[in-house]
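The values are calculated or read from the model by the stated rules, or taken from the named source; none is laboratory data. All values derive from a computational prediction rather than experimental measurement. Because the Cβ atoms are built from the backbone with ideal geometry, glycine has one as well, and the counts that use them run over all protein chains shown. Please note that ligands, DNA and RNA were not included when accessible areas were found on the heavy atoms of the full protein model with its side chains. Shrake-Rupley method; radii C 1.70, N 1.55, O 1.52, S 1.80 Å.
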Amino acid sequence: MDLKEKRVLVFGTGKSGIGAAKLLEDMGSIPVLYDGNEKTDPAAVKSQLREGTKAEIFVGNLPEEEIDRLSLVVLSPGVPTDLPLVLHFKEKGLKIWGEVELAYAFGKGDVLAITGTNGKTTTTSLLGAIMEHARSSVFVVGNIGNPYTAAVEEMKEDSVTVAEISSFQLETTEHFHPKVSAILNITPDHLNRHHTMEEYIRVKELITANQTAEDTCVLNYEDEVLRKFGETLKTKVIFFSSARKLNQGMYYENGAIFYHDGTVLTKICDTDELNLLGLHNFENVMAAVAMALAYGVSLEEIRYALLRFHAVEHRIEYVTEKNGVAYYNDSKGTNPDAAIKGIQAMNRPTWLIGGGYDKGSSYEEWIRAFDGKVKGLVLLGATKEKIAEAAAACGFEPVYFVNSLKEAVEFCASHAGSGEAVLLSPACASWDMFPSYEVRGKQFKEFVNQL
């Protein structure tokens, strides 16, 4: 699509929207930034753009005559595709792209893309570390916090882009075509946005929509939806399993990770060589290694990066020990399934801090996964009553309510004994009290370190 001198609406003025606007302007378009929040300060938005920008900014209301002058709409990931205004754009015949589609349209080189409900950030970070060791021009972008659009102008024909792609971003793809893709798992999440599980699954599977027989998709064999989906794909498929030996694919067995290519069995590593904790992380390792192998990276290069990799911030991250109590930050446990992985990784009696923004999840499965490890559940945020009801229904106690994260940390510190742990693993998004899970995790670490 030729966008030179064309007016392109960027819906959303966050990190993703600013990245998209900068790229559009650099490509000769006229970006029109729009934010529905009337409290947004246009001057503050403009200050984040290039000096001398021709971008125009609208907040609150977008005049109809402006809509009539548009050639394309670029949605930020946080903007639902079924908003009345977005539906109005569609009625007008406007093409709707997301930041990922825009970046892909102008980017160069190959893309290795990862989606899934949980484990995306760790897998993306690990694959990024492997590729950075093995290739000269690598970009790690997407939902991980680095706008894809911000990297485009530095890309070359031999560049490799490792991209973490959320369901929100996949909704607005059209030509996006990864050389290697992965879907790590699919469990209920973001149902307030996608409305049904069927729609959430459909959107996740879009990561493979443009892949061909020359490409590869890596899938979790232990996810029933993905196992069946793998049988329908025209791409090469590599399965990974944490529960069984596979005749072909990656698998975990007796403290080691193996790869069987159908002919030769190769041991990748012993899991005690890794700086990562928990079976879910071994799944992330298998996915990243499978993607790297599919892209032609040597086992020697993979092992070098793999054994030097450390867990990402906010994902079962060890913070410190105070008075014999170990503190862990799992702020990225933003849904029940992710939080289950957090509690499963604990190897001592644990005081658990949970609660936050309500994404329409149910919490009974999470509560049942406590498996005798949780000494007390400390709840805060919009979902605290809902989670407490789930705990009562599952026969779990004790449950405590607090009004702030600081209060939660201080409560746990006063109740936890030597040899126990305190884990922040909310099973909820952060948006009721914090702008992001990163801010929530950083504050948790600050409060712990102040004890």
If you average the sequence gap of Cα pairs under 8 Å that are 6 or more apart and divide by the length of the chain, what percent do you get for the contact order?
11
The Rg/Rh figure for segment 1-64, Cα atoms and Kirkwood Rh, to two decimals is 0.94
More than 12 angstrom apart: percent of Cα pairs within segment 127-175
64
In the neighbourhood of K22 defined by beta carbon distances under 14 Å, the net charge of the other residues (Lys, Arg +1; Asp, Glu -1) is -2
Gain upon complete extension [R135, E410; 0.36 nm per residue less C-alpha separation]:
94.4 nm
Find out how many positive minus negative residues lie around E65, taking Lys and Arg as positive, Asp and Glu as negative, among other residues whose Cβ is under 14 Å from that of E65.
-1
In deg cm²/dmol and to the nearest 500, what is the mean residue ellipticity at 222 nm of the chain if only DSSP H runs of at least 4 residues count, each as -39500 (n - 2.57), divided by the residue total?
-9500 deg cm²/dmol
From most to least accessible, 1.4 Å probe, no ligand or DNA/RNA atoms counted, E65, E364 line up as E65, E364
Give me the net charge of G296's neighbourhood, meaning all other residues with Cβ under 15 Å from the Cβ of G296; Lys, Arg count +1, Asp, Glu -1.
-4
At q = 0.13, 0.14, 0.19 Å⁻¹, what is the base-10 log of I(q)/I(0) for segment 63-177 according to the Debye formula with one equal point scatterer per Cα and no solvent? Please give it to two decimals.
-0.53, -0.61, -0.96
Taking N as the residue count of the chain, its alpha carbon Rg divided by 2.2 N^0.38 Å gives 1.01
Whole number please: convex hull volume per residue, Cα atoms of segment 1-148, in Å³.
133
Based only on Cα atoms, what mean projected area does the convex hull of segment 267-393 have, in nm²?
9.5
Where does the Debye-calculated log10 I(q)/I(0) of segment 285-351 sit at q = 0.16, 0.24 Å⁻¹, using only Cα point scatterers of equal weight, no solvent?
-0.72, -1.02
Calculate the FRET efficiency for V264 and T196 from the Cβ-Cβ distance with a Förster distance of 35 Å, rounded to the nearest 0.05.
0.25
Taking 20 °C and 1.002 mPa s as the conditions, I'd like the Stokes-Einstein D for segment 193-243 in µm²/s, using the Kirkwood hydrodynamic radius from alpha carbon pairs.
183
Principal axis lengths of segment 192-277 from Cα atoms, whole Å, largest first?
41, 32, 20
State the volume of the convex hull built on the alpha-carbon positions of segment 173-326, expressed per residue in Å³ and rounded to an integer.
150
Amide H neighbours of A382 under 5 Å, at least 5 residues apart or on other chains, H built in the peptide plane: list them.
G356, Y357
If I take every Cα pair under 8 Å that is 6 or more residues apart in segment 55-125, average their sequence separation and divide by the length, what percent do I get for the relative contact order?
27
For K39, give me every one of the lysines with a C-alpha distance below 21 angstrom, ignoring sequence neighbours fewer than eight places off in its own chain.
K15
Taking a ≥ b ≥ c as the square roots of the Cα gyration tensor eigenvalues, with a/c under 1.5 meaning rounded and otherwise prolate when a/b beats b/c or oblate if not, segment 358-451 comes out oblate
Just want to confirm a number: the relative contact order over segment 172-308, from Cα pairs under 8 angstrom separated by 6+ residues, in percent.
19
Given R₀ = 41 Å, FRET efficiency for D2-A243 by Cβ-Cβ distance, to 0.05?
0.20
